[in-house]
Amino acid sequence: MTRTLGASTPTVVEHLDRDLLDRRELAAMVARDIPPGSYVNLGIGQPTMVADYLDPAAGVVLHTENGMLGMGGAAVGDAIDADLTNAGKIPVTETPGASYFHHADSFAMMRGGHLDVCVLGAFQVSQRGDLANWHTGAPDAIPAVGGAMDLAIGAKRVFVMMTLFAKDGTAKLVPQCTYPLTGLRCVSRVYTEHAIFDVDGDGDGRVRVLETFGVSVASLAERMDVELH
Amino acid sequence: MSRTTVCTDAAEAVVGIEDGATVLVGGFGMAGMPTTLIDALITQGASELTIVSNNAGNGDTGLAALLAAGRVSKVICSFPRQADSYVFDALYRAGEVALEVVPQGNLAERIRAAGAGIGAFFCPTGVGTPLAEGKETRTIDGRDYVLEYPIHGDVALIGAHVADRAGNLLYRKTARNFGPVMAAAAALTIAEVSCVVDAGDIDPEIVVTPGIFVDRVLELPSISTEPVEVAS
């Protein structure tokens, strides 16, 4: 059963007769929402999977912060070149129209607002769009930020992919982040296996549910401390 | 006569690097990492170094070998913690090396600013995060920025692809990364390259790092692809 709630826009679509999204379906959902022709940075880890679901005809150009636009898929066999890697240091390939540039130019693209979308993982996102994804804050953890803070504040739209609930069952979309912050009010949309949310859509700090998968909005609301609209 | 010296061996390329120097080291992971120059620096013996690089060493070679040799007192980098950064991890946990973590774009821009003569700059990255604590901030046109200072090197060690005898450099693919900004930001810039050609053999239109930023060039020995003769 698919149920559409709310007379006003945006309406919520509840996909109830199905399971939660798996990781591949989640990646496909993110890919679906990237406009054709966008310049996009996909973060290390799960966001990298989004590339597998982009329509080649849509002309999406992938940026990697270590100095390349027009990044292709992972390199295999003879195509592996130690001088051509992505931000995760995985060997990749180049596509026609690719370009290389140095690090300051690469982050100027980001910070200067030239990238349309970046997709990142997260430990927590707050209802007003604060992002925590670089440091658990554990006293024995070696801090390592990489390009996360630059990406968070640079791209025109920041999509987060994460599980909605931590291993201890607490929600990761929260009224206020308790982990060390990566950026303030930078996240636009959160993709989880349970639902897709817009955060701080109109700068009002409110969370709007766009779609749910295998659960109802009401059942999610019971497990979360943020108010769902 | 070019002011850039083409060195015949690695030891000559690293002459004069002093104890306590700040050394900018190119590379992103191993791509663009000047491992031959780093090995020569280990032999040369300079210690108490501050290393500025994106990472804090991978495996046992390059920057990791310099760290393992006990020559580094501080690392300024964006991403020290990796699956194979065990050399740094152990030294850091033992309190033998200090760490300053800098967002990657701020690292690049602070190095760029040093080479470009910029005294400091206001940057939106890191606002409201632990990495901006204690730093001066300013609101400009309604947006908040953090004041960031340049990172000057006494020395830059970079990896490039081709040099000409005037010191002009070309890079290869994503091995370019920090090379161009580091070359400009150090008092002494040393590049290891796969190939040195005569001045005039690189099209001036495609030069990436102009020779004014490059003091010494080291040509790496070419790796022979000839089949080895085996007596029968």
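Taking θ as phi - 60°, what are the ³J(HN,Hα) couplings along the stretch B:54-66 by the Karplus curve (6.51, -1.76, 1.60), each to the nearest whole Hz, with x for Gly and Pro?
Going residue by residue, I get 5, 10, 10, x, 10, x, 10, 10, x, 4, 4, 5, 5 Hz, with x marking Gly and Pro.
Run lengths n ≥ 4 of DSSP H only: what is the helix-derived mean residue ellipticity at 222 nm for chain B, with -39500 (n - 2.57) per run over all residues, to the nearest 500?
-5500 deg cm²/dmol
For peptide A:78-91, what's the mean number of Cβ atoms from other chains within 10 Å of each residue's Cβ?
Other-chain Cβ atoms within 10 Å of each residue's Cβ, averaged: 4.
Under a crude label model (7 Å from the Cα following the beta-carbon direction), how far is B:Ser194 from A:Thr178 in nanometres?
My value for the distance between the label points is 5.2 nm.
Would you give the gap between the C-alpha center of the stretch A:148-216 and the C-alpha center of the stretch B:115-188, rounded to a whole Å?
So the two Cα centres are separated by 31 Å.
Of A:Leu54, A:Ala132, A:Met162, whose Cα points farthest to the positive end of the dipole of chain A (charges on the beta-carbon: +1 Lys, Arg; -1 Asp, Glu; origin at the Cα centre)?
Value computed over the given set: A:Ala132.
Report, in deg cm²/dmol and to the nearest 500, the calculated mean residue ellipticity at 222 nm for chain A, where each DSSP H run with n ≥ 4 adds -39500 (n - 2.57) and the sum is divided by the residue count.
Details: 4 runs with 33 residues, N = 229.
When only DSSP H runs of four or more count, the value is -4000 deg cm²/dmol.
Rg to Rh for the stretch B:5-219: what is it, with Cα atoms only and Rh by Kirkwood?
Details: Rg = 17.3 Å, Rh = 17.6 Å.
Answer for the stretch B:5-219: 0.99.
What FRET efficiency comes out for the pair A:Ile90/B:Leu147, r = Cβ-Cβ distance, R0 = 25 Å, nearest 0.05?
With a Förster radius of 25 Å, E is 0.10.
Roughly what angle does helix B:35-44 make with the longest principal axis of chain B, taking Cα atoms, 0 to 90 degrees, to the nearest 10?
Between helix and principal axis, roughly 90 degrees.
Among B:Gly119, B:Gly134, B:Val197, which residue has its Cα furthest toward the positive end of the charge dipole of the stretch B:5-219, with +1 on Lys/Arg Cβ and -1 on Asp/Glu Cβ?
Going by the charge dipole, the pick is B:Gly134.
Order of A:171-184, B:18-31, A:118-131 by packing, highest average Cβ count within 10 Å first?
Details: A:171-184: 20.4, B:18-31: 22.2, A:118-131: 24.5.
Descending packing order for the listed peptides: A:118-131, B:18-31, A:171-184.
Extending each Cα 7 Å along its Cβ direction at A:Tyr53 and A:Glu222, get the distance between those two points in nm, one decimal.
Modelled inter-label distance: 2.8 nm.
From the C-alpha coordinates alone, can you work out the Kirkwood hydrodynamic radius of the protein assembly as shown, in Å?
23.5
What percent antiparallel are the DSSP beta bridges of chain B, to the nearest 5?
On the way: 12 of 43 bridges.
Percentage antiparallel, nearest 5: 30.
With only alpha-carbon pairs counted, each pair once and no self-pairs, how large is the Kirkwood hydrodynamic radius of the stretch A:1-120 in angstroms?
16.0
Using only Cα atoms, locate the centre of the stretch A:36-99 and the centre of the stretch B:62-90, then give the distance between them in Å, rounded to an integer.
Taking the Cα centre of the stretch B:62-90 as reference, the centre of the stretch A:36-99 is 28 Å away.
So how do B:Glu136, B:Glu109, B:Glu219 line up by other beta-carbon neighbours within 10 Å, fewest first? Before the final figure, lay out the partial values.
Working: B:Glu136 12, B:Glu109 27, B:Glu219 20.
Exposure proxy ranking, most exposed first: B:Glu136, B:Glu219, B:Glu109.
Here, each number is a calculation from the coordinates, and none is a lab measurement. On a predicted model such as this, the values are computed, not experimentally measured, just so you know. Glycine also receives a Cβ, built like all others from the backbone with ideal geometry; neighbour counts cover every protein chain displayed.
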